[in-house]
Amino acid sequence: MMSSTNNIGLEEILSSLNQLFEGVSTEKVDPRQYKIITPPEKTIPVLEFLKEKGYSHLSILTCIDWIAEKKFELVYILFNWGTGVTFVVSTYVNRDNPIFYTVKHIWPTAEYYERDVHEFFGVKFEGNENCEKPLILELWNDLPPLRKDFDPLEYSKKHYPDREYQKDAIHEARIIRGDVRGEIDG
Amino acid sequence: MSNRGNVKIDERTVWEKIADQLRSRSMWMLHYCTGCGAVELPPSMTSRFDLERFGIGPMATPRQADIFLITGYLSVKTLRRVIYTYEKMPDPKYVIGFGSCTINGGIYYDSYATINRLDYYIPVDLYIAGCMPRPEAIFEAFTKLMEMIRKGEANGWKRYKENYEWYKQNQLRSLGEVIIHDEFHE
Amino acid sequence: MGEVKLFFGPNHPGMHGNFSVHMYVEGDIVVKARPMPGFLHRGFEKLMERRLWYQNVALIPRICVPEPDINEACYAMAIEKIARVEVPERAQWIRMIVLELARIANHLWSFGGIGGPTGMYTSMYWAVADRDRVLDIFEELSGARIYHMYIVPGGVRKDLPPKLEDKIYHLLDYLEAKIPEYETFILKNRILHTRLKGIAKIDTETCLKIGVTGIGLRATGVPYDIRKVDPYLFYDKVEFEVPTATEGDAYARISLKPKEIIQSIRIIRQCLEKMPSGPVNVKIGEGSGLRIRVPRGMAYVHVESTRGEYGYLVVSDGGEKPYRVAVRGASYPQGLYGVEHLLPGTRIDDVPIWLDSMGVCAPEIDR
Amino acid sequence: MAVAARVAGVLLTAFFFGLTFEGIGRKVTARIQKRYGPPWYQNFIDVLKTLTKHGWTHGWIFDFGVVMALGGVIATLTFVPLGNFVAFPGLDNFFVIVYLFTVGALGMAMGMVGTGNPWASIGVARALTLMLGYEVPYLIVITSLLYNFKTSNISTIVEIQSVNGWNIFRFPIGALVAFICLQGMLGKEPFEAPIAPAEIASGPMVELSAKYMGLLMLMNTFMEFVEISIFVDLFLGGGNYFEFLLKYLTVWIFAIMISAVLPRFRIEQAVYFYWTVPLLLAFIQVFLVVAGM
């Protein structure tokens, strides 16, 4: 593909990551995909470093809610158009007061990904002034919906009344499948 | 509201019967893709199935439309616009609920963003089952709706007027606010 | 003359899908534009955490309505990557056939669909009717026209029905004869040239900066295609070219579509020839029946959709349900950031062309 | 009494055949698009149905505009000769028709702007811009024609053609220019910009509901009838009532077929187009007429 001078070998990048940044660990998912776990304060330098090395395409910025560990994992997926290698860069932030720094200056589109993450997880991104504007949801007044402690079924039952059926079709289906014992009428 | 005298909802004068004949043969549907069912509309409108045979065609604005197709699930954000649009349409107007999602939420029964039952918010004349309804099902539904109009059974618009307060109350219950507030509406 | 506020969508004939752009217009020129997504938001990512691994197969095709198969493929491949399962060879070839057929269907749709915003309705009528022939193949293959749920974790649902191969060959022959006709009708139209050339221009640098992929990027002259750069399935075992153009405008993007259809036809022919016989699915994870467990892990899988890079990040905590699934919609960059920063300066006349040729697809932005 | 009957005759012809031919036009488009299409009487149902619906008004300017548009066009229509069938013999002067015609157009513009919808305003602005585009070459060609025959009476020109042969053969360039302008007057592709649904949500019609829509559809039909009738009278020799309708249908279907396979121009491209090729051809026509060729 495109010949570029900063297209250095994968091994080199991985080893220099470990040398340059303390506390960074790498993990191989498959030959063309690596996961890099960084401490929060190193994340943005790591991302900048990787961008310079040719991993310039931000596929997605998203978040995972590890409720048991009380952490949010922020995931930045970087792709190299030259070598076809994907780096999954991730970092953990505290779940109680989730604040992180924006990467808007590195990837302009991140502005919208960050708004997305803020809307669905409640993670604030310092430096992104639009971060708290609603994007997809409208007049939302509950917990950020993608958090693990938010129950969509309960919310749906509370706000959106369901049709009432005379027959409990799901129960009957369970009887037919043999999950529970019972009689089917009609 | 309910004490409107003895005028029955499905009583029609001779003129209205003639008018209904005309209405059933020229149905303009609103060109508003509210959900994924709309993906089967172009095939049914274009050369293979050709809806225009029955005098059915898309119309650009709600002012000229007779039928409102709610094509699939409705997120609350869309529902606000749907109510607004529905009230903009001139009487008599008909609503077809497209697919399982409008009947009882379908596959999105536990979603926090979509409503479960369309006829709770606006009157629905006809439902089409399935996800998503095939063009043949769409034709079946339109033929059925034509019959209903001719017989004077498609009275959703009258019901909406009769029970306006009930509908409004339901809308407010699920939406909180029907009026849209955002950057643009200031 | 002051600024006028205008809504473009959601109820607007020039808008594909349920998406809205708020425009501030001065004269005929858009001076400020704000994207307004979310009308199709169903909370897929949350719903998927509540369903079993296999139940999700029924849910995910609905994320991208015009081209649903890429969802199934991404999801299945991500699970296979986490579980480290090798899918039988035949299943992989069949997957490629399905994906390429879906690409043809969607390209036909959007290629003919340029007749909508430009007023040449006949091209739309013809192309959508021809797209139906592809849907007929899908119907015979999977029983459904739009949402096939055919690609499942571990392979494909069942083998190709008998005689379907002949029908696919027949369809490919038909399309191959038809595409030049469309090219003459659409691409050689002088009025269409004046409407499309120089409109919605975007350069390579901007594309790479904001993350526009797919045809938008290739129309600026870079042959970046995930099928070539990061081959999945057996895309490294078939021969095909990545068509590019250099202008980067709406016309360049539209003119790439028929060329890609021709390449897809080439790929399907090779798949049908190289496809061995054998099993088409394999069991994944532990557990019985459809109630499986996938080992702990995280994987990102992306494929080349008609609009660009389409990806799934799947996280498993070893349970019966996915722990987290994140979707990268292919039109996310151009649909949100692009609308805000690249649309201003366009004339009102060209806004539908901009949105159509950039391939802004609302359901995958909203999810 | 005879005048009243003739006026009624003209109006009924325009109503019945105007709508029928529109239905046939839809059928032709459908066949080009490889489908069956609606029945020929579909437009009657459409118009009558809109009249049965309960719509909204947008203030008295809107009401008055719609009435003025329809009234103006009906008034124009009564002066248009249908071949040798003339409601007001001797009064079917080209300039009277052109003058009255603007009343309808202005009424429409006023009513539509009265709705207050920005899309409608854009549509009206486009319609008036497009008018500037096609009126210039059109009037130049027609003026050269009138100069040639030294009369502005359409019936007289029809009669002259029955002796001398059709003007389309004597003035082929002029006929071509007039036909291109006709395509713009009818608002068919490639000059569809004023109502372009995908761009400005059908433009002027955006706020029209029910009865108003029906009246505007009728007005549109009558306008088309006036425009095509003048073309048939001036260039295709009018003829008797049935010949006239046959020629009318031919011109109409020809226009429909062209519109079915072309995309639309942007509005400034349309005006630019009119002011280059047709205008140049119009001047050539004038030169030929003045030179007596």
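Read-outs throughout are calculated quantities, based only on the coordinates presented, and are distinct from any laboratory measurement. It should be emphasised that the depicted structure is a prediction, and the values quoted were computed from it without experimental measurement. Quick reminder, even Gly has a Cβ in these numbers, built from the backbone with ideal geometry, and neighbours come from all protein chains shown.
Coupling constants for the range C:209-214 follow from the phi torsions by the Karplus curve (6.51 cos²θ - 1.76 cosθ + 1.60, θ = phi - 60°), and in residue order they are 5, 8, x, 6, 10, x Hz; glycine and proline get x.
Its convex hull of Cα atoms gives the range A:8-81 a direction-averaged projected area, equal to a quarter of the hull surface, of 5.2 nm². Computed from the C-beta positions of B:E87 and C:V282, the FRET efficiency with R₀ = 45 Å rounds to 0.25. For the protein assembly as shown, the residue among D:S209, D:F44, D:L106 whose Cα projects farthest onto the positive side of the dipole built from Cβ charges is D:F44. For B:T71, the amide hydrogen comes within under 5 Å of the amide hydrogens of B:T34, B:G35, counting only partners 5 or more places away or on other chains and with H modelled in the peptide plane.
Over the range B:14-185, Cα pairs under 8 Å with separation of 6+ residues give a relative contact order of 22 percent. Amide H contacts under 5 Å for A:V29: A:Y34, A:K35, restricted to partners 5 or more places along the chain or on a different chain, H placed in the peptide plane at 1.01 Å from N. Express the C-alpha Rg of the range C:155-303 as a ratio against the empirical globular expectation 2.2 N^0.38 Å, rounded to two decimals. For the range C:155-303, the normalised Cα radius of gyration comes out at 1.35.
What's the long-distance tail for chain D, i.e. % of Cα pairs beyond 34 Å?
17 percent
In the frame of its principal axes, chain A has Cα extents of 75, 39, 33 Å, reported largest first. Shape analysis of the range C:151-207 yields a ratio of the Cα radius of gyration to the Kirkwood radius, Rg/Rh, of 1.26.
For the range C:42-366, with only Lys/Arg (+1) and Asp/Glu (-1) charged at the beta-carbon, what is the dipole magnitude about the Cα centre, in debye rounded to 20?
Dipole magnitude for the range C:42-366 comes out near 560 debye.
Between A:L10 and C:K5, the simple spin-label model (points 7 angstrom out along Cα→Cβ) gives 5.2 nm.
Here the 3J(HN,Hα) profile of the range B:83-96, calculated from phi with Karplus coefficients 6.51, -1.76 and 1.60 at θ = phi - 60°, is 4, 4, 5, 4, 6, 7, 6, x, 6, x, 10, 10, 10, 10 Hz, Gly and Pro shown as x. Spin-label model, A:I106 to C:E183: label points 7 Å out along the Cα-to-beta-carbon direction sit 4.3 nm apart. Kirkwood hydrodynamic radius of the range B:14-185, from the reciprocal of the average inverse Cα-Cα distance over all distinct pairs: 16.4 Å. Here the Karplus relation 6.51 cos²θ - 1.76 cosθ + 1.60, evaluated at θ = phi - 60°, turns the backbone of the range D:8-15 into coupling constants of 4, x, 5, 5, 5, 4, 4, 5 Hz, with x for every Gly and Pro.
One Cα centroid belongs to the range C:282-324, the other to the range A:3-68; the line between them spans 22 Å. Sorted fewest first by neighbouring Cβ atoms within 10 angstrom, C:M358, D:M131, B:M59 come out as D:M131, B:M59, C:M358. Listed by chain and number, the lysines placed with their C-alpha closer than 20 angstrom to that of C:K167 are C:K158, C:K178, C:K274; residues fewer than eight positions away on the same chain are left out.
Please compute, for peptide C:199-208, the average count of beta-carbon atoms on other protein chains lying within 10 Å of each residue's beta-carbon. List each step's numbers first, then the result.
Values: counts 1, 0, 0, 0, 0, 0, 0, 1, 1, 3.
If you average over the peptide's residues, the count of other-chain Cβ atoms is 1.
Computed over chain C, relative contact order equals 27 percent, with contacts defined as Cα pairs under 8 Å that lie 6+ residues apart. Put simply, the amide H of B:D91, placed in the peptide plane, has neighbours under 5 Å in D:H54, leaving out anything fewer than 5 places away on its chain. Across peptide B:127-134, the mean count of Cβ atoms from other chains lying within 10 Å of each residue's own Cβ comes to 2. Rounded to the nearest 0.05, the FRET efficiency derived from the C-beta distance between B:R53 and B:V14 at R0 = 30 Å is 0.55.
Just add up the charged neighbours of D:M217: K/R +1, D/E -1, any other residue whose Cβ is under 10 Å from the Cβ of D:M217.
-2
Simple spin-label estimate for A:Y165 and D:L106 gives 6.6 nm between the two label positions (7 Å along the Cα-to-Cβ direction from each Cα). Each pair of Cα atoms in chain C enters the Kirkwood radius, and Stokes-Einstein at 4 °C and 1.567 mPa s then converts it into a translational diffusion coefficient of 61 µm²/s. Each residue in A:C131, A:C63 was given a count of other beta-carbon atoms within 10 angstrom of its own, and listing them fewest first yields A:C131, A:C63. Counted over the range B:14-185, the DSSP beta bridges are approximately 10% antiparallel. Among A:I36, A:I176, A:I136, the largest mean-square fluctuation in a Gaussian network model of chain A (Cα springs under 10 Å) belongs to A:I176. Using every pair of distinct Cα positions in the range D:206-293, the Kirkwood expression returns a hydrodynamic radius of 16.1 angstrom.
In the frame of its principal axes, the protein assembly as shown has Cα extents of 98, 76, 60 Å, reported largest first.
When a/c reaches 1.5 or more, the comparison of a/b and b/c decides; with that in mind, is the range D:40-120 rounded, prolate or oblate per its Cα gyration tensor? Judged from the Cα gyration tensor, the range D:40-120 comes out oblate (a/c at least 1.5, b/c at or above a/b).
Among the trypsin sites (Lys or Arg not before Pro) found in the range A:24-70, those both in a DSSP coil and sparsely packed, with 11 or fewer other Cβ atoms within 10 Å of their Cβ, are A:K70.
The range C:81-134 and the range C:149-213 have Cα centres separated by 6 Å. Sequence-distant contacts, meaning Cα pairs under 8 Å at least 6 residues apart, place the relative contact order of the range D:2-290 at 29 percent. When peptides C:184-193, C:160-169 are sorted by average Cβ neighbour count within 10 Å, with the highest value leading, the order is C:184-193, C:160-169.
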